[in-house]
Amino acid sequence: MAVLLVEGISDQIALETAAVGRGRDLEAERVVIVPIGGAHAIGRFLTRFGPMRAQVRLAGLCDLREEELFRRGLVATHVGSPRTRTDMEQLGFYVCVNDLEDELIRAVGTARVEGLFDSQGDLRSFRSFQSQPAWRGRDPEAQMYRFVRSSSHRNLRYARLLVEAAVDRNTLPEPLDALLTAV
């Protein structure tokens, strides 16, 4: 059995979608994805599952800005003593740069992301967003990232859609791919 600790529900959706896209049945493989409600909760979840490490493989995924919280949690709960990102990966914990949505937008590419926005009826809203003074002239990837993250409903929907597009292009972001490979 394996328990994958992720920060939130969008990460859970992304992992589940990636697994299906790779032909995996996580339930049959006894892999459970647990959204922990934010990186600050990592210590509590490592404490909860840590004593079962002989029977349960622990692994996880976090964003770059949460890497240190995960590292400290791993040390404090005696899961490991990672000093580097490579050390964390050896323990089964992977870091997205800057975060998973950012990784997915880069993996899919701006033209394909715009196509997804169009297919979901969001392209007009995105164009309106781009014309706002605070976002006008900004990098398209940054605009897309902010647009996707501007609503929790949109963030959850695009977690699945972006992963499906990345799987179709065989460009699944490395942290996501590595985590699935590790379990």
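The values are calculated or read from the model by the stated rules, or taken from the named source; none is laboratory data. Not measured: the values here are computed from a predicted model. Note: ideal-geometry Cβ built from the backbone for every residue, glycine included; neighbour counts use all protein chains shown.
See the values below:
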{"item": "All positions within the range 21-69 that are touching a residue at least 60 places away in the same chain (Cβ under 8 Å), of a type in the set (Gly, Ala, Ser) and within 16 Å of Phe93 (Cβ to Cβ)", "result": "Ala59, Gly60"}
{"item": "Residues satisfying the stated conditions in the range 17-54, i.e. crowded, with 19+ Cβ neighbours inside 10 Å and closer than 24 Å to Glu103 by Cβ", "result": "Thr17, Ala18, Ala19, Val31, Ile33, Ile36, Ala39, Ile42, Phe45, Leu46"}
{"item": "Filtered residue count, the range 13-32, keeping only those that are within 20 Å of Phe49 (Cα to Cα) and of a type in the set (Asp, Glu)", "result": "2"}
{"item": "Asp25 part of a helix (DSSP H, G or I) and charged (D, E, K, R)", "result": "no"}
{"item": "Test for Tyr158: is it assigned to a helix (DSSP H, G or I), in contact with an Asp or Glu (Cβ under 7 Å, 6 or more places away or on another chain) and of a type in the set (Ser, Thr, Tyr)", "result": "no"}
{"item": "Selected residue (criterion: surrounded by the fewest Cβ atoms within 10 Å (Cβ to Cβ)) from residues of the range 72-105 that are at pLDDT 95 or above and within 12 Å of Met144 (Cβ to Cβ)", "result": "Ile105"}
{"item": "Test result for Asp63, buried (at least 21 other Cβ atoms within 10 Å of the Cβ) and either under 20 Å from the mean Cα position of the chain (by Cα) or of a type in the set (A, V, I, L, M, F, W, C) (or both)", "result": "yes"}
{"item": "Boolean, Leu176 is touching a residue at least 40 places away in the same chain (Cβ under 8 Å), in a helix (DSSP H, G or I) and in the same structural domain as Gly23 (by TED's automatic domain parsing)", "result": "yes"}
{"item": "Close pairs (7 angstrom Cβ cut-off, 6 or more residues apart or separate chains): touching a residue at least 40 places away in the same chain (Cβ under 8 Å) in the range 130-146, in a helix (DSSP H, G or I) and not aliphatic (A, V, I, L, M) anywhere", "result": "Tyr145/Glu101; Tyr145/Asp102"}
